[in-house]
Amino acid sequence: MATLWGGRFTKSTDQEVFDFNASISFDKRLFSWDIAGSVAHVHMLGKCGILTIEEVTAIEEGLQSILNDVNEGKLEITSKYEDVHSFVEANLIDRIGEVGKKLHTGRSRNDQVALDMKLYTRDEIDGVAELLKELEHTLLTIIKNNTETYMPGFTHLQKAQPVTLAHYFSAYMEMFLRDSDRLADIRKRMNYSPLGAGALAGTTYPLDREMVAKELGFTAATSNSMDSVSDRDYLIEFLSALSVIMMHLSRFSEEIIIWNSNEYRFVEIDDAFSTGSSIMPQKKNPDIAELVRGKTGRVYGDLMGLLTTMKSLPLAYNKDMQEDKEGAFDAIDTVKSCLHLFDGMLKTIKFRKEVMEKSAMMGFTNATDAADYLVKKGVAFRDAHGIIGTLVLTCIDKNCSIEDLSIEELKKISPVFEEDVYEAISLKTCVEKRLTKGAPGTDAINEAIRRYEALLS
Ligand code: ARG
């Protein structure tokens, strides 16, 4: 049991209380950020004349040797210490003696942990942004290769109108690009250094907070000391952005699971990304997509957990806030592995283009275009809708598609039909003639592709 605060106590802490209070089992993840923050802090203490140059050098070398030893496995972060901050300070004093006791001058664990958590989170935002970008590149490749891969688009999970695989995936691209944007926004808003806020009310030492902020890559120092030590908004925003990413991945997973089903057969997931059944020898299951879908709940849970922890907390620091870490770590780990595996699954998936195209040709996905054909020949849309409805009924009766009917059969339902109807309702026309911005037509999707290329370059 090693604590930083024994002075005013006459009795030692109960072991169970110590264990309950301790955070080292999980906050050791912040170790390298704690060192980085401390190094910047002592540099500033030196520059402001609060520590001598010799003291700064001794402390910095001590911190560096602790960092090296932990990285090389020579020093273990054990649960003898209350938290990672205590671990570093105790080891520093062990190594360099009395001068090590000066590290914590003008600092509290409250602004220290706020800094560590921000440094860690900022780095993880960058990590998630990288993984998102990788996925966006994979999507772009698939989009570029499939501008003429026809498939049905759905509403209510019923075939609606034909689209292309490129257009379908471009919808997901838009979602992930918004996710990237959201991360950039959060990073910008959070990038202010809390160090120097002290326990809650700043300090009487003449600290240069902006110097620390600059050394650690922050835009500036935060503006209110009480807010600085008790702000976890950035973490809530990040968890919320992670939840939205998971929601997108989960929807995408659901599509892949449906498309991979025996009934659809639109895609085949690579063997390396599938698993089998212990009893049914024929099975090849889309477990990765299912797990990504399933883990979405857990990330939402992490967000709700932190929101609930923060609710009603009075200013400034309260120990409740130690609970910000495990959920955040869990959400970050989960999203990173989901993004990486989902990307790997997409990179190796096979699209059964003939099956997709055949599916688009059946199920009357060109019914709207058939109605539009009549409208272009002067029929009012509502009447055209009724005529094509009757036509669809006839086709269901005969178990065929609209284009399978002869011109005589078509004319029997409406004399307006002429030979050019077949061209007008062909799959290719239905897709290619959709030229409005954002539609699946060639020009529109090429325009989108150009935008993606510029954004991802
Ligand atoms: N382990 C603590 C946390 O994660 C560090 C801050 C402790 N501050 C305090 N006043 N007890 O929040």
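The values are calculated or read from the model by the stated rules, or taken from the named source; none is laboratory data. Just so it is clear, the structure is predicted and the values come from calculations on it, not from any experiment. Cβ coordinates were reconstructed from backbone atoms using ideal geometry, including for glycine residues, and neighbour counts include every protein chain displayed. SASA here: full protein model, heavy atoms, side chains in, ligands and nucleic acids out. Shrake-Rupley method; radii C 1.70, N 1.55, O 1.52, S 1.80 Å.
Here are some notes:
- Relative contact order (percent, whole number), the chain, Cα cutoff 8 Å, 6+ residue spacing: 16
- Per-residue ellipticity at 222 nm from helix content only, as computed over the chain with -39500 (n - 2.57) for each DSSP H run of at least four residues, stands at -20000 deg cm²/dmol.
- Modelled this way, with points 7 Å down the Cα-to-C-beta line, the labels at Ile93 and Ala171 are 6.2 nm from one another.
- Evaluating 6.51 cos²θ - 1.76 cosθ + 1.60 at θ = phi - 60° for every residue in the range 206-219, the Karplus couplings come out as x, 6, 9, 5, 5, 5, 4, 4, 5, 4, 9, x, 8, 5 Hz, glycine and proline recorded as x.
- Contour minus Cα-Cα distance for Phe154 and Thr394 (0.36 nm per residue): 84.1 nm
- Amide H contacts of Gly153: Ala160, Gln161, Val163, each under 5 Å away and 5 or more positions distant or on a separate chain (H built 1.01 Å from N in the peptide plane; Pro and chain starts excluded).
- Of all segments of the chain bounded by GluC sites (Glu not before Pro) found in a DSSP loop with no more than 11 other C-beta atoms within 10 Å, the longest spans 77-262.
- Average accessible surface area per residue within the range 5-48, 1.4 Å rolling probe, Å²: 56
- Of all DSSP bridge pairs formed entirely within the chain, close to 75 percent run antiparallel.
- Shape of the range 240-323, Cα gyration tensor, a/c cut at 1.5: prolate
- Between the range 365-401 and the range 212-255, the Cα center-to-center distance that results, in Å: 52
- Part-to-part distance (alpha-carbon centres) for the range 266-310 and the range 1-75, which is given in Å: 39
- Calculated FRET efficiency, Val375 to Lys133, Cβ-Cβ distance, R0 = 45 Å: about 0.55 to the nearest 0.05.
- For Ser337, the accessible surface of its heavy atoms amounts to roughly 50 Å² (probe 1.4 Å, protein chains only, rounded to the nearest 10).
- Global form of the range 331-436, assessed from the alpha-carbon gyration tensor, a/c cut-off 1.5: prolate
- With R₀ set to 51 Å, the beta-carbon distance separating Phe20 from Lys433 gives a calculated FRET efficiency near 0.15.
- For the range 378-457, the dipole from Cβ point charges (+1 on Lys and Arg, -1 on Asp and Glu) about the Cα centre works out to 420 debye, to the nearest 20.
- For the range 180-237, taking the reciprocal of the average inverse distance between every pair of different Cα atoms yields a Kirkwood hydrodynamic radius of 12.0 Å.
- Spin-label model, Arg251 to Ala220: label points 7 Å out along the Cα-to-beta-carbon direction sit 3.8 nm apart.
- Given +1 at the Cβ of Lys and Arg, -1 at the Cβ of Asp and Glu and no other charges, the dipole of the range 187-241 around its Cα centre is 140 debye to the nearest 20.
- Reciprocal mean inverse distance between Cα atoms of the chain - Kirkwood radius, Å: 26.4
- For the range 328-363 versus the range 86-101, the gap between their alpha-carbon centres in whole angstrom: 51
- Accessible area per residue for the range 172-218 is 49 Å², calculated with a 1.4 Å probe on protein heavy atoms, without ligands, DNA or RNA.
- Accessible surface of the chain, 1.4 Å probe, proportion on carbon and sulfur as whole %: 53
- Test item: Cα-centred dipole of the chain, Lys/Arg +1 and Asp/Glu -1 on Cβ, debye: 600
- Furthest towards positive pole of dipole, Val99, Val163, Gly127, structure part the range 63-179, Cβ charges: Val163
- DSSP loop chymotrypsin sites (Phe, Trp or Tyr not before Pro) with at most 12 other Cβ within 10 Å: longest gap in the chain: 10-457
- Cβ-derived FRET efficiency at R0 30 Å, Lys101 paired with Asp320, nearest 0.05: 0.55
- A crude spin-label estimate for the pair Lys347 and Gln64, with each label 7 Å from Cα along the Cβ direction, gives 3.7 nm.
- Within the range 231-293, the trypsin sites (Lys or Arg not before Pro) that combine a DSSP coil assignment with at most 11 other C-beta atoms in a 10 angstrom radius are Lys283.
- Cα gyration tensor category, rounded, prolate or oblate, for the range 121-212 with a/c compared to 1.5: prolate
- Accessible solvent surface per residue of the range 332-457, calculated while the other protein chains remain in place, 1.4 angstrom probe, Å²: 54
- Within straight-line cross-link reach of Lys350, lysines at Cα separation under 18 Å, skipping those fewer than 8 residues along the same chain: Lys144, Lys283, Lys284, Lys358
- Whole-Hz couplings from phi, Karplus 6.51/-1.76/1.60, listed for the range 147-155; x for Gly and Pro: 6, 10, 8, 7, 7, x, x, 10, 10
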